[in-house]
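Here the structure is laid out as structure tokens; the discussion comes afterwards.
None of the figures in this text is laboratory data; all of them are computed from the coordinates on show. None of the values given here were measured: they were computed from a predicted structure. Note that each Cβ is placed from the backbone with ideal geometry, even for glycine, and that neighbours are counted across all protein chains shown.
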Amino acid sequence: NTAARPKKKKMSDEEIMEKLRIIVAVGDPNKKYTKMEKIGQGASGTVYTAIEIATGMEVAIKQMNLSQQPKKELIINELLVMRENKHPNIVNYLDSYLVGEELWVTMEYLPGGSLTDVVTETCMDEGQIAAVCREVLQALEFLHYNHVIHRDIKSDNILLGMDGSVKLTDFGFCAQISPEQSKRTTMVGTPYWMAPEVVTRKQYGPKVDIWSLGIMAIEMIEGEPPYLNENPLRALYLIATNGKPEIKEKEKLSPVFQDFLDKCLDVDVDKRFSACELLKHPFLKLARPLASLHPLIVAAKEAAKSH
Amino acid sequence: SKKYERKKRYTVVGNPYWM
């Protein structure tokens, strides 16, 4: 029963290229950066490390082949959002370049790797989980205040510095909402982290990010999201029918942590806490210093190397 | 199967091919 809404006129490829040419920087990035090693591969592109020749600073470069992008307009969205929403818990966007058929986006590089390496290779305690949740919630409060929904919160999109700093990345699928259009319906995200209202194709808003944060908290407890052993379609079915997922050995968690999870993973969107409310939750008072993440990061990198 | 496992974590937009 989605309200009748005028369909957004789809931009043609030429219009998209025109817009990109306005946004991107002039010049050949090959002259400005020395590409080093490949560090990531995602649906939207490949990520490399690189050295900025002039300063010696290490950066990350995300390369996307425009002809392979099913939804090019999302790329423009990503560039604009990252450029206009600078925050200590958001990976800093530096510049972007058109290189033939490819778009290169240069960003701040965080050598600690992604949170996925840490959750799959090490064991986190509640103090460390609380610290990560607080940092991500700070980014979400900032984004939601600026009418941006990330829509793809998961450990893969959380990058870590060697000092334990925690930053959100990959705005390729975010949505900018407005008073006229404060809700969305398109199914966007990663199935296992999707909120029930997204899966059941209802109108959704910023609180989908809070649900995904709750699933990410389960990753930090169990090493992976619920239903990852199932295929994606079945996982969507289970999210739609089960609602709040079971947490193995939940009784081993502290009551305050259990309550924090309940506030993130409430199927009733109105009851589900916002980022602002969660930042006041007592669980975050258990947070240990970010430096306590350093041993986990080192251990995760060792384990990844040995694979 | 490692490739399949990695693809499970890919982001989807609209109706993915497997729906």
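Legend: ranking of residues A:Lys35, A:Lys167, A:Lys280, B:Lys2 from fewest to most surrounding C-beta atoms inside 10 Å; resulting order B:Lys2, A:Lys280, A:Lys35, A:Lys167. For the cross-link pairs A:Lys71/A:Lys202; A:Lys10/A:Lys72; A:Lys252/A:Lys301; A:Lys31/A:Lys71; A:Lys154/A:Lys202; A:Lys10/A:Lys154, the ones whose C-alpha atoms lie over 18 Å apart are A:Lys71/A:Lys202; A:Lys252/A:Lys301; A:Lys31/A:Lys71; A:Lys154/A:Lys202; A:Lys10/A:Lys154. Here the contact order of chain A, divided by its residue count and restricted to Cα pairs under 8 Å and six or more residues apart, works out to 18 percent. Scanning residues 5 or more positions from A:Val188 or on other chains, those with amide H under 5 Å from its amide H are B:Gly14, with H placed 1.01 Å from N in the peptide plane. Sparsely packed loop sites in region A:1-102 (the GluC sites (Glu not before Pro) outside DSSP H, G, I, E and B with at most 16 other Cβ atoms within 10 Å) comprise A:Glu101.
Residues in region A:217-229 carry Karplus couplings, in order, of 5, 5, 4, 6, 8, 9, x, 7, x, x, 6, 5, 6 Hz; the curve used is 6.51 cos²θ - 1.76 cosθ + 1.60 with θ = phi - 60°, and Gly or Pro positions show x. Sequentially through region A:30-37, phi angles give Karplus couplings (6.51, -1.76, 1.60; θ = phi - 60°) of 5, 7, 9, 10, 10, 6, 10, 10 Hz, Gly and Pro residues having no value and appearing as x. Each of A:Val208, A:Val166, A:Pro282 was scored by the projection of its Cα onto the charge dipole of the protein assembly as shown, and the greatest displacement toward the positive side belongs to A:Val208; charges sit on the C-beta of Lys, Arg, Asp and Glu. Each part gets one Cα centre, and for region A:41-89 versus region A:286-307 those centres are 25 Å apart. Here's how it looks for A:Ile90: its modeled amide H is under 5 Å from those of A:Leu168, which are all 5 or more places away or on a different chain. Highest GNM mean-square fluctuation among A:Glu224, A:Glu251, A:Glu135, for chain A modelled with Cα contacts below 10 Å: A:Glu251. Amide H contacts under 5 Å for A:His147: none, restricted to partners 5 or more places along the chain or on a different chain, H placed in the peptide plane at 1.01 Å from N.
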